[in-house]
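Note sheet for the following structure.
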Amino acid sequence: MTMKGHDELRIGRTIADSTPSFHAPTKPPEGAPNVVLVVLDDTGFAQLGCFGSDIETPAIDGLAGGGLRYNRFHVTALCSPTRACILTGRNHHSVGMGFLTDVPTGFPGYNGRIPTSAATLPRILRDVGYSTMAVGKWHLAPRWDLTASGPFDRWPLGLGFERYYGFPGGDTNQYSPNLVRDNHFVDPPRTPDEGYHLTEDLADEAIRMIGAQQQSTPHRPFFLYFATGAMHAPHQAPSEWIERYHGRFDDGWDAWREHTFDRQRESGIVPPDTVCTERPRGLERWDDLPAEKRRLFARQMEVFAGFLSHTDHQIGRVLRHLEERGILDETLVILCSDNGASAEGGLHGSFNEHAWAFAQEDDLDVALARMSELGGHRAYNHYSWGWAWAGNTPLRLWKRYTWLGGVRTPLIVHWPNGIAARGEVRSQFCHAIDLAPTVLEAAGVDVPTVVGGHEQQPMHGASLFATFRDATAPAARDTQYFEMLGSRAIVHGRWKATTDHVSQGVPDEERLLDGSRDFETDHWAVFDLEADFSEAHDLSADHPEIAASLEERWWREAGEFAVLPLDDSLIGRVVAMEPSPHPTRPSWVFHPGGAPIAEEATPSLTGGFVLRADVELAEGAPTGVLCAQGDWTNGWVFLALEGELHWMMNRFGVPHRIAGGMIPDGARELAAHYTREPTGGGPVRLLADGAVLGEARLDVDLPFRWQVGGAPLRVGLDAGFPVTDDYEAPFPFSGRIQRITFEVPRLTFFDADADVRSALASE
């Protein structure tokens, strides 16, 4: 018998009269390079040594010295959108990533889901025989999918990677991260007291993954996506890395920006006739600050610099591993940042970035008193936006804005076997969407039209491969739109037009920026980028016809690439946010054991709650954690201390304690009741078997979300850092917990605050 479709396969009665047919292994094109794609977070145009900084980044500088620096590389001004561009080769709105995956809405450009019509770079490479591995930050799955039961189709393994280790959300604690291995949550391999740091762990894992791949299948090329949590807040690094910068930034951001600009011109990373743009209106001159502020702000930058040098060292370890294996020269290494330097620390910086996320500025006296803790276990810190401004020298503004300070970042390409040039600068216009086509051309792989049975939308980017060989090669594209939180811009040929739009809900920025809050009245400034590298001279008054033409072109691009509808506020997106797929219910039950429960699978407590623990007490005074969520940067815990019942909350690093009396012998139910008052806060009662043990008023509101990284809920113990200093994790409960039950009488915020939604919808 000959099998249909298998001309070579013949099956007889025995092997002797049969002919086998074998599966042909998928092989990439001959000479396809290994690819390592390093994505830094919140790293500005001027913060790497090879782009003008005096911060020590020898590993990254070595890549630049042995390869190419691109000084007109552009991104989207925010993390999830840029990462989607990098991995798909398409514009971010076209793949549902117009904003962060934390707030998926009901509009195609903002639903937080990369569609099957936009197969990712790792999926394409995997299908032609590459090994694919991802380490570090993901932030490309919609928030509701980030639970222990998925769904996993937008997790790394669902989008083309074969291995993954890292954190799923937008940021995480460098000392106690929220970690995932492949498709399940895991705890860090060591504790902070044992010297744990996330970036070191990520480098360890990258080295292990490369080693395992090379041991097993060295004939197959690999693609490694190495996305550090650095340089996003929290800025945290071992103290010895921070202390090497003691006193280095005492001259302040004005002097640092000036000296950096001088180095940029001397090194050729900016043209000699570049103009350093003016400071944002309202940002104070360093010399006008009081001495205590100068010392605080200088320390913030010392911490950032130590964090960056520490990160560079970990990248260097991965590169050395490639070199030791003799494969660095045949590996295409691409390093970039997802957006410009971040001003999300606010005017004074932030000891706890969670506070900024909730529009709450740090108390300056508290920040000064805790200055020595910056960069350590207790802080979740970010620097002042004066340093973000300096970090984007010579450009305007920062992350979240489509001015060049938000969208122009470093790009370095290193491939000794494929690029003859060493240490040269390339000035062709390019964008994050151009990286995937570049890798595919370098690998000799065509862009597929069908993947997994799904017709593919075209890649919007174009390959930079020609610029590897020819410094004078023309830019592959000359038109690119930009939009982020209502800030809009477009590049077409030599011209760039940028709006003065200021997004809503950002503390204090309205007094720094002389901008518009109305899309219809936004001013479109016009810049000749061939003559004006830094976007310093607005020519709109001289060329109104160009301004009008570019504005019209932007609207056409917006219609084509799913940019509409525009919105510049968080609350507007919340109104349009996709409802949770988890059934709305007033009662939630959790049991001890198993994986920690992701915040997306827990109830919102901000509107009030009844928390009950059904227990069997052991002999002696009850002690230990009944349940906890978050840590001392933001979180809550329900616990027994030496026989007394307590509920405690840490709100942006400020502890609030509610104490009850002694738990009676034989108690079967321990409970905490919080009733939110209309103005916020309210009474908390602690009970045992229905009898009140204690009551006190909570004088602040509970946050609608405990941590940006999605703080998990744990039952029967804690992990990582505690919520308060009253105990040390894991502090397991001494008795037996049968179940934990939450009753939530009022659904709030992401669980559909009906009052807010209906009021806003009626406006």
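The values are calculated or read from the model by the stated rules, or taken from the named source; none is laboratory data. Quick caveat: nothing in here was measured; it's all calculated off a predicted structure. With ideal geometry, Cβ positions are generated from the backbone for all residues, glycine too; neighbour counts draw on all protein chains shown.
What the table below lists for this structure:
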{"item": "Number of the exception - Thr88 against (1) surrounded by 21 or more Cβ atoms within 10 Å (Cβ to Cβ); (2) over 30 Å from Gly572 (Cβ atoms)", "result": "(2)"}
{"item": "Of all residues in segment 345-394 being in contact (Cβ under 8 Å) with a residue 60 or more places away in the chain and in contact with a strand residue (DSSP E or B) (Cβ under 6 Å, 6 or more places away or on another chain), the one that is surrounded by the fewest Cβ atoms within 10 Å (Cβ to Cβ)", "result": "Trp356"}
{"item": "Filter result for Phe590 (more than 18 Å from Thr675 (Cβ to Cβ) and aromatic (Phe, Trp, Tyr))", "result": "yes"}
{"item": "Residue match in segment 125-142 (condition: more than 20 Å from Pro596 (Cα to Cα), assigned to a helix (DSSP H, G or I) and among the charged types (D, E, K, R))", "result": "yes"}
{"item": "Given (1) in contact with a Ser or Thr (Cβ under 8 Å, 6 or more places away or on another chain); (2) within 30 Å of Arg488 (Cβ to Cβ); (3) of a type in the set (A, V, I, L, M); (4) not in a helix (DSSP H, G or I), number of the condition Val36 does not satisfy", "result": "(2)"}
{"item": "Residues within segment 492-512 that are surrounded by 17 or more Cβ atoms within 10 Å (Cβ to Cβ) and either at pLDDT below 95 or closer than 20 Å to Val95 by Cα (or both), tallied", "result": "7"}
{"item": "Considering residues of segment 588-635 that are of a type in the set (S, T, N, Q) and farther than 19 Å from Val684 by Cβ only, the residue modelled with the lowest pLDDT", "result": "Thr633"}
{"item": "Within segment 537-582, tally of residues that are outside the structural domain of Val502 (by TED's automatic domain parsing) and either under 22 Å from Val526 (Cβ atoms) or of a type in the set (Ser, Thr, Tyr) (or both)", "result": "1"}
{"item": "When residues of segment 242-251 are limited to those that are touching a residue at least 60 places away in the same chain (Cβ under 8 Å) and surrounded by fewer than 21 Cβ atoms within 10 Å (Cβ to Cβ), the one farthest from Asp54 (Cα to Cα)", "result": "Glu243"}
{"item": "When residues of segment 519-533 are limited to those that are under 21 Å from Trp555 (Cα atoms) and aromatic (Phe, Trp, Tyr), the one surrounded by the fewest Cβ atoms within 10 Å (Cβ to Cβ)", "result": "Phe519"}
{"item": "Residue count for segment 593-610, restricted to those that are surrounded by fewer than 18 Cβ atoms within 10 Å (Cβ to Cβ) and on the phi < 0 side of the Ramachandran plot", "result": "1"}
{"item": "Any hit, segment 10-21, residues being modelled with pLDDT of 95 or more and either within 30 Å of Thr228 (Cα to Cα) or in a strand (DSSP E or B) (or both)", "result": "no"}
{"item": "Matching residues in segment 218-260 - criterion: being of a type in the set (Val, Ile, Thr) and either outside the structural domain of Gly136 (by TED's automatic domain parsing) or over 24 Å from Asp193 (Cα atoms) (or both)", "result": "Thr260"}
{"item": "Some residue of segment 202-217 being in the same structural domain as Trp356 (by TED's automatic domain parsing), in contact with a helix residue (DSSP H, G or I) (Cβ under 8 Å, 6 or more places away or on another chain) and in a loop (DSSP other than H, G, I, E, B)", "result": "no"}
{"item": "Qualifying position, being within 15 Å of Leu693 (Cβ to Cβ), crowded, with 23+ Cβ neighbours inside 10 Å and not small (Gly, Ala, Ser), among Leu641, Leu645", "result": "Leu645"}
{"item": "Residue within segment 184-195 that is closer than 21 Å to Thr88 by Cβ and either assigned to a loop (DSSP other than H, G, I, E, B) or among the aromatic types (Phe, Trp, Tyr) (or both) present", "result": "no"}
{"item": "Lone qualifier among Ala531, Ala595 - being closer than 30 Å to Gln264 by Cα, in a loop (DSSP other than H, G, I, E, B) and aliphatic (A, V, I, L, M)", "result": "Ala531"}
{"item": "Qualifying positions in segment 692-718 - part of a loop (DSSP other than H, G, I, E, B) and farther than 27 Å from Gln360 by Cβ", "result": "Gly716, Leu717"}
{"item": "Of all residues making up segment 534-552, the number that are under 17 Å from Arg396 (Cβ atoms) and either among the hydrophobic types (A, V, I, L, M, F, W, C) or buried (at least 16 other Cβ atoms within 10 Å of the Cβ) (or both)", "result": "6"}
{"item": "Among (1) touching a residue at least 40 places away in the same chain (Cβ under 8 Å); (2) part of a loop (DSSP other than H, G, I, E, B), the one test that Asp542 misses", "result": "(1)"}
{"item": "Meets criteria (in a helix (DSSP H, G or I) and either modelled with pLDDT under 95 or crowded, with 24+ Cβ neighbours inside 10 Å (or both)) for Leu157", "result": "no"}
{"item": "Matching residues in segment 256-294 - criterion: being surrounded by fewer than 22 Cβ atoms within 10 Å (Cβ to Cβ), assigned to a helix (DSSP H, G or I) and out of contact with any Asp or Glu (no Cβ under 8 Å at 6 or more places or on another chain)", "result": "Glu258, Phe261, Asp262, Arg265, Glu266, Ser267, Asp288, Ala291, Glu292, Lys293"}
{"item": "Cβ-Cβ under 9 Å pairs, at least 6 apart or on other chains, segment 177-190 side touching a residue at least 24 places away in the same chain (Cβ under 8 Å) and farther than 16 Å from Pro722 by Cα, far side surrounded by 14 or more Cβ atoms within 10 Å (Cβ to Cβ) and among the basic types (Lys, Arg)", "result": "Asp182/Arg163"}
{"item": "Criterion: of a type in the set (D, E, K, R) and more than 22 Å from Ala369 (Cα to Cα) - qualifying residue of Arg248, Arg299, Arg294, Arg279", "result": "Arg279"}
{"item": "Glu344 of a type in the set (Asp, Glu), under 25 Å from Ser80 (Cα atoms), touching a helix residue (DSSP H, G or I) at 6+ places or on another chain (Cβ under 9 Å) and at pLDDT below 95", "result": "yes"}
{"item": "Residue among Arg123, Arg143 that is more than 15 Å from Tyr225 (Cβ to Cβ) and among the basic types (Lys, Arg)", "result": "Arg143"}
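Here is a yes/no grid of residues against (1) at pLDDT 95 or above; (2) surrounded by 24 or more Cβ atoms within 10 Å (Cβ to Cβ):
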| site | (1), (2) |
| --- | --- |
| Leu146 | no, yes |
| Gln174 | yes, yes |
| Phe185 | no, no |
| Pro192 | no, no |
